[in-house]
1. Which sequence of ARG52, ARG67 reflects their accessible areas, 1.4 Å probe, from the largest down?
2. Let me check something: with ligands and nucleic acids excluded, how do ARG3, ARG66 order by accessible area (1.4 Å probe), largest to smallest?
3. Quick one: net charge around ARG52, please, counting Lys, Arg +1 and Asp, Glu -1 for every other residue with C-beta under 13 Å from its C-beta.
4. Name the lysines eligible as straight-distance cross-link partners of LYS12: C-alpha to C-alpha under 27 Å, and not fewer than 8 places from it in the same chain.
5. Let me cross-check ASP121: its accessible surface, 1.4 Å probe, with only protein heavy atoms counted, in Å² to the nearest 10?
6. Just in region 52-101: which chymotrypsin sites (Phe, Trp or Tyr not before Pro) are loop by DSSP and have at most 16 other Cβ atoms within 10 Å?
7. How tilted is helix 104-118 with respect to the longest principal axis of the chain? Cα atoms for both, answer in degrees (0 to 90, nearest 10).
8. Say R0 is 22 Å: what FRET efficiency, to the nearest 0.05, do LYS117 and GLU49 get from their beta-carbon distance?
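The values are calculated or read from the model by the stated rules, or taken from the named source; none is laboratory data. Not measured: the values here are computed from a predicted model. Cβ atoms come from the backbone with ideal geometry, glycine included; neighbour counts cover every protein chain shown. With ligands, DNA and RNA removed, areas are computed over all heavy atoms of the protein, side chains included. Shrake-Rupley method; radii C 1.70, N 1.55, O 1.52, S 1.80 Å.
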Amino acid sequence: MNRTALREQTFKLLYSLEVQKAENIKEIVEIYLDNIEASEENLQENEKEHIRSVIFGIYNNIEEIRRIISENLKKGWNIGRISKIDLALLELSIYEINYINIPYKVAINEAVELAKKYGEDTSSTFINGVLASIIKENEEN
């Protein structure tokens, strides 16, 4: 599975966890990975480990990630106004940029493409704007 497809699977799982407001994240992650395995997609063990690592990494740093998102929203906006799809994409992108050093251009481009595929009409523009603000802030510090 290529990196783009792996990122998409990670996003889908992250979105699913957000919608379910899951408490037993570990169990749901394993069920999800088993379901991917049962489908036509064959995941290698290192791919499964990558998905696990990113999901648990996001949840271990969720407060910091959401603080970053909140600080880069336009005035009058808060996390509660963001669609679950957009929130999952922002969390994934911020984690990739800040914690696993994916080049920000790659992370932003991939998030925008996923937003076009899964989000609302304005999702890609919204995602791009928030992530650009975060990058600008990072470069200034």
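1. Details: ARG52 40, ARG67 95 Å².
Solvent-accessible surface, decreasing: ARG67, ARG52.
2. On the way: ARG3 140, ARG66 70 Å².
The most accessible residue leads, giving ARG3, ARG66.
3. Details: positive: LYS26, LYS48; negative: GLU27, GLU30, ASP34, GLU45, GLU47, GLU49.
Net local charge, ARG52 excluded: -4.
4. In chain and number order, the partners are LYS21, LYS26, LYS48, LYS74, LYS84, LYS105, LYS116, LYS117.
5. Near enough 150 Å² of accessible area.
6. TRP77
7. Helix 104-118 and the main axis of the chain meet at about 70 degrees.
8. On the way: r = 25 Å, r/R0 = 1.14.
Working from the Cβ atoms, E equals 0.30.
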